[in-house]
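Right, one structure below, let's go through it.
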Amino acid sequence: MAGPWRRGAAALAMLPLLAACTGSPESPPSTSAPEPSPTSSPASPSAQGTPAEKPDPISVAALAEADLTGGDLRLGTVRERTPAYTSYDVTFASTTAGAGTAPLRISGVLDVPTGRGPLGGQGWPAVVLAHGYIDPATYVRGQGMTRERGFLAQRGFVALHVDYRNHAESTDDPRIETAVRLGYSADVVAAVHALRESGDVRVDPDRIALFGRSMGSGVVLKALAADPGLVAAGVAWASVSSLEGQNFDHFQRPDAPVAQLRAGFRGRHGLPGDDPEFWRGVSSRPAFGDITEPVLLAHGRFDDTCPPRWARATQRALTRAGVDSTLEWYDDGHAFGPAFVAAMDRTVRFLRVEMPA
């Protein structure tokens, strides 16, 4: 089903813990398979009309086939009250319909602008925020995108920061060792539905965007590929690679011997060089042809965590796949320090163009 009300697209799919957002700035030689066409789909039927094979249950294609719903957005403690906005602790439900699993309760932080909202009663535009990697053992509610959240709320956007499952006060997914990253995308999709269905926050259902940084940008790209039409636009700052094999090689391979890495997979999947089909299947790039929303990428020229070449390759792949995409460069590093305001101003302009009142 096309359009912003389409509900599919997310899963409690089981995905190994791939790239973190910290690590060596130098990538070792990649063992990943050659880059696939961005428009290819492993589940596509053949030209002879042969029925399509079911996708690997741990894949972006399975994420797209799943039926995730979200709702029950609950406002909790007021964290902060300013002249421009009020910030709340919140929770919402992330549910995969028909999967036989109980809904997960996801925590987060919500900033709501002060006032009655835009004229005409259509509600505030909104942005769902997907944070970068922070060790879940030390992560606290709302950590990672506090600056972005406040900046957006001061400029008239409802901003919902998603903690993800197994973070802060969110429900723990018992399959955490094999269900991390696609589960994060499921929670981001659920957050969009929760905002749309809320009776407490006046959000325009047709003006919601996704905004991720670092690992969260990878989460956003998978959500966009898995659920075309879910939102009006996507933003990806300082993104990890859109090929998960590269993320593995860059972030995890330098930290452990190959034998230890293989043992960590418990025989389920090989390393990128051993099982290239699996690693393509959990990557967003091969599914870029399914993205319908415009995408803004922002990257620092001196990023030593997520190499600038990754942003170039992702933007080229988006363009080849027919996605309306723009890559903006800043003289800054991974954390966007001196260039933060300039990058946020550009992001707000992009959102206002793509989500006009």
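Odds and ends about this structure:
- In this calculation the C-beta distance from D331 to R309 is compared with R0 = 22 Å, giving a FRET efficiency of 0.85.
- Using the Karplus relation 6.51 cos²θ - 1.76 cosθ + 1.60 with θ = phi - 60°, the per-residue 3J(HN,Hα) values for the stretch 91-96 come to 9, 8, 9, 10, 10, 9 Hz, with x marking Gly and Pro.
- Mean separation of Cα contacts under 8 Å, 6 or more apart, over the residue count of the stretch 137-257: relative contact order %: 17
- Spin-label zone in the stretch 57-94 - amide nitrogen under 12 Å from a point set 7 Å from the Cα of D275 along the C-beta vector: 57-59
- Summarising the amide proton neighbourhood of D324: residues at separation of 5 or more, or on other chains, whose placed amide H is nearer than 5 Å comprise V295.
- Virtual spin-label span in nm between F340 and R74, 7 Å along Cα→Cβ: 3.2
- Residue-span extension gain [R175 to T82] - 0.36 nm each, minus C-alpha spacing: 29.5 nm
- Scoring 326-337, 125-136 by mean Cβ neighbours within 10 Å over their residues and listing the highest first yields 125-136, 326-337.
- Shape of the stretch 283-357, Cα gyration tensor, a/c cut at 1.5: oblate
- In this structure the amide hydrogen of R213, modeled in the peptide plane, comes within under 5 Å of the amide hydrogens of A130, G132, W237, none closer than 5 places in sequence on its chain.
- Placed amide H near S170: partners under 5 Å, 5+ positions off or other chain: S107
- Projecting label points 7 angstrom from Cα along Cα→Cβ for D206 and V353 puts them 2.0 nm apart.
Read the figures in this text as sums done on the coordinates, not as results from a lab. Predicted model, so just to flag it, every value in this text is computed and none were measured. Note that each Cβ is placed from the backbone with ideal geometry, even for glycine, and that neighbours are counted across all protein chains shown.
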